[in-house]
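Here is the structure we will look at.
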Amino acid sequence: GVVVTSENRRLAPSIMRKVATMWCLALFAASATGQTVEERVAALEVNEVRQLHGAGTTNPSKLFWELLGLMTARAKVPVHATYRAVGSSTGQKEFLGATTNGNKALNHFGSGDIPMTKERYDAVAAAGRTMVHVPFAVGGIGVFHSAPVGGATVDLTACVLAKIFSAQITMWDDAEIKALNTGLTLPSLAIKVVHRVKGSSSTAGFTAYMLATCPDSWTLGTGSKITWPDGTNEGQGSDGMSKFIEENEGAIGYIDAGHGHEHGLSEVALLNKDGKYLTTKTADIGAAATVALDQGNLIPTDPAADWSGVN
């Protein structure tokens, strides 16, 4: 079994005495029935609490919490299951483990919107472990704001968005933003850009989108963690990003759409190739995923292979 020692998990002395007394009584009762030590150990193992722990991206965290809660409630054997929403990169690092412990996993599973890097995949294999990839969900990343325009949707192009997040545009009443939103009264208010503080699949997806749609204006590179301009703000996880936008007038940030909508945030509508402004609510994300899958060879056929090239 797994034993967790923590300053926050100490038992009161009186409780400890009761536990010790119960333990002794249990062993005494077992001895009285003539059970062998092996039989007593087997009986204890039957009642052992099974452990299942994971960590990773915040995007599907509510799904995991719901599923793990149902599993815990319905399992025939005692189960303790948890999921920590700490970001894709942190989830990968914990699944890989540290070189000091022989790359032994700190969790049973990890979750992310980006694949395990080749370096980390090779380290897992070198440690004699086999990992498998299980695609299980499709979601959208939206751009949300708190510009004081009555909760209205702000229209932006990818290039204007790139300039905002790279600090080339710093005011909400900038001429380029006003030209796209002639029906809105935009305030003379500083834009407060918020981005993820740690390695994040949302950052990886957002920066890849910026580079693909407006490479001339996006010069910050791509990846789960990049160097942002001075004066930008940091948010921990999707909830941290949502909270920052809620509490700071004039903020803008990229968030898992489900979290943004749950917090009641206003969403930016982005111009697509067909000349339509779409949010994650008005876009058909399922159809887009279907088109991508129909292209073939998107997902490797071997779940245990290196998926670092999948994007």
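We did not get these values from a lab; they are worked out from the coordinates using the rules stated. The structure displayed is predicted, hence computed values, not measured ones. Every residue, glycine as well, gets a Cβ built from its backbone with ideal geometry; the counts of neighbours run over all protein chains shown.
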Open item on the list: Just to check I understand the Karplus step: with θ = phi - 60° and J = 6.51 cos²θ - 1.76 cosθ + 1.60, what whole-Hz values come out for the range 148-160, glycine and proline as x?
Closed with: x, 10, x, x, 6, 6, 9, 8, 9, 8, 4, 5, 5
TODO: In whole Hz, with x marking every Gly and Pro, tabulate ³J(HN,Hα) for the range 93-101 from phi via Karplus 6.51 cos²θ - 1.76 cosθ + 1.60, θ = phi - 60°.
DONE: 4, 6, 5, 5, x, 9, 5, 5, 10
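Determine the shape class of the range 211-295: with a ≥ b ≥ c the square roots of the Cα gyration tensor eigenvalues, call it rounded for a/c under 1.5, and otherwise prolate if a/b is greater than b/c, oblate otherwise. Walk me through the numbers before you get to the answer.
Values: a/c = 1.80, a/b = 1.25, b/c = 1.43.
Judged from the Cα gyration tensor, the range 211-295 comes out oblate (a/c at least 1.5, b/c at or above a/b).
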Task: Coordinate range along principal axes, alpha carbons of the range 63-184, Å, largest first - done: 60, 38, 23
Task: Nearest-0.05 FRET efficiency for Lys178 and Leu67, computed from C-beta distance (R0 45 Å) - done: 0.50
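What is the local net charge at Cys159, summed over the other residues whose Cβ is closer than 9 Å to its Cβ (Lys, Arg +1; Asp, Glu -1)?
-1
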- [ ] With only Lys, Arg, Asp and Glu charged, each at its Cβ (+1 for the first two, -1 for the last two), find how big the charge dipole of the chain is about the Cα centre; round to the nearest 20 debye.
- [x] 1060
Task: Amide hydrogen neighbours beyond the local backbone of Thr153, cut-off 5 Å, H modeled - done: none
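How would you rank Thr170, Thr219, Thr203, going from fewest to most other Cβ atoms within 10 Å of each one's own Cβ?
Thr219, Thr170, Thr203
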- [ ] Highest first, please rank the peptides 263-272, 174-183, 152-161, 283-292 by the mean number of other Cβ atoms sitting within 10 Å of their residues.
- [x] 152-161, 263-272, 174-183, 283-292
TODO: Would you mind listing how long the range 141-280 runs along its three principal axes, going by Cα atoms, in whole Å with the largest first?
DONE: 37, 32, 29
Task: Karplus (6.51, -1.76, 1.60) ³J(HN,Hα), θ = phi - 60°, over the range 196-212, in Hz, Gly and Pro reported as x - done: 5, 7, 10, x, 9, 5, 5, 5, 4, x, 5, 5, 5, 5, 4, 5, 6
Open item on the list: Tell me the net charge near Leu189. Cut-off is 12 Å between Cβ atoms, Leu189 excluded, with +1 for each Lys or Arg and -1 for each Asp or Glu.
Closed with: -2
Task: Segment Arg50-Val291, length gained on full extension (0.36 nm per residue, minus Cα span) - done: 82.7 nm
Task: For Asp173, residues with placed amide H under 5 Å, excluding near neighbours - done: Leu189
Open item on the list: Under 8 Å for C-alpha pairs, at least 6 residues apart: give me the relative contact order for the range 69-136, rounded to a whole percent.
Closed with: 23
Open item on the list: Defining a contact as two alpha carbons under 8 Å apart and six or more residues distant in sequence, what relative contact order in percent does the chain show?
Closed with: 19
Task: Kirkwood-based Rg to Rh ratio, the range 101-169, C-alpha trace - done: 1.21
Task: Distance from the range 164-182 to the range 241-300 (C-alpha centre basis), Å - done: 20
Open item on the list: List the residues, sorted by chain then number, that are 5 or more residues from Val79 or on another chain and whose placed amide H is less than 5 Å from its amide H.
Closed with: Arg50
Task: For the chain, the fraction of alpha-carbon pairs in successive 20 Å shells from zero, as % - done: 26, 47, 21, 6, 0
